[in-house]
Amino acid sequence: MRTHSVTGGGGIRLHVDEAGNPDGQPVLFLHGFSQCRLAWSKQLDSDLTNDLRLVVPDLRGHGLSDKPRDAYGDPQLWADDVRAILDALDLERPILVVWSYGLPIGDYLRAYGEERLGGINLVGAATKLASDAALAVIGPEFLALVPTFFSTDVEESVRGLDAFVRLCVYSEPSPRDLYFMLGYNAVVPPHVRQGLLSRAVDNDDVLARLSIPVLITHGAEDRVVLPAAAEQHAATIPHARASYYPGVGHALFWEDAGRFNQELRDFAGQVRAG
């Protein structure tokens, strides 16, 4: 494992881990709302490292990255974060794997286009926010928890995060997994979660212009971002390939890591072959 400190948009410090084959196809994983790089543990600790170069940052406000206030509403900052990682690690035609909070991929594409990217994997992703169309693909159980995400009352916040972690998986998580996930969710301050969900954006226009390979993966039992979001993405990006995971929830790369890793390896081979 190699660790990097990257200066992102507005001078923020981003923590980035890297593992795998330095000469392999680069894959840049962008974790979801209130998560961190550790969400991708079942990819970093797998045989994907034999073939692929895996790069896992903590997004601004998460994990070991800086957590300033008022630094989450400007799309250019998010775009610059992604570009800074591409530049600092010299990633050539990487695959961007975007889970759940999919706004940063739209921010990057709108600012810099697709020219430096090899492909995109949308994983249980929501790419629009604060509209009727956006709300239509977000699960009601998640929406009911939103006020707890902003709470500064410790007990209320932890209750909400505990329910959120359980909502991310279809099967009951083991105590080990539950408290592992709860720990890195609790590290994220309420002002960060509020900043993330206060944006108003629709990225259908930039997604419709994509020409690079796109893989859409979605848990059939996802109660956070409903499978209808994947159907919308498939309609918006006609050349994309969609893959649905039965009996799996929002964190499908955790619950069905074997299938997810194999599909990612196959997709990387497609991108690498050009």
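What to note about this one:
- Peptide ranges 195-203, 244-252 listed from the most packed, as the mean C-beta count within 10 angstrom indicates: 244-252, 195-203
- Taken about its Cα centre, the chain carries a charge dipole of roughly 200 debye when the Cβ of each Lys and Arg holds +1 and the Cβ of each Asp and Glu holds -1.
- Evaluating kT/(6 pi eta Rh) at 10 °C and 1.306 mPa s, with the Kirkwood radius of the chain over Cα pairs in the Stokes-Einstein relation, gives 86 µm² s⁻¹.
- Annotation: the antiparallel percentage among DSSP beta bridges lying fully within the chain is about 40.
- Separation of segment 135-155 from segment 175-224 is 13 Å, based on Cα centroids.
- Counting only protein heavy atoms and using a 1.4 Å probe, the accessible area of F142 comes to about 20 Å².
- Protection-proxy order for peptides 5-14, 114-123, each taking the mean of Cβ atoms within 10 Å per residue, highest first: 114-123, 5-14
The values are calculated or read from the model by the stated rules, or taken from the named source; none is laboratory data. Keep in mind it's a predicted model, so treat the numbers as computed, not measured. All Cβ positions, glycine included, derive from the backbone under ideal geometry; neighbour counts span all protein chains shown. Note: areas computed on protein heavy atoms with side chains; ligands, DNA, RNA excluded. Shrake-Rupley method; radii C 1.70, N 1.55, O 1.52, S 1.80 Å.
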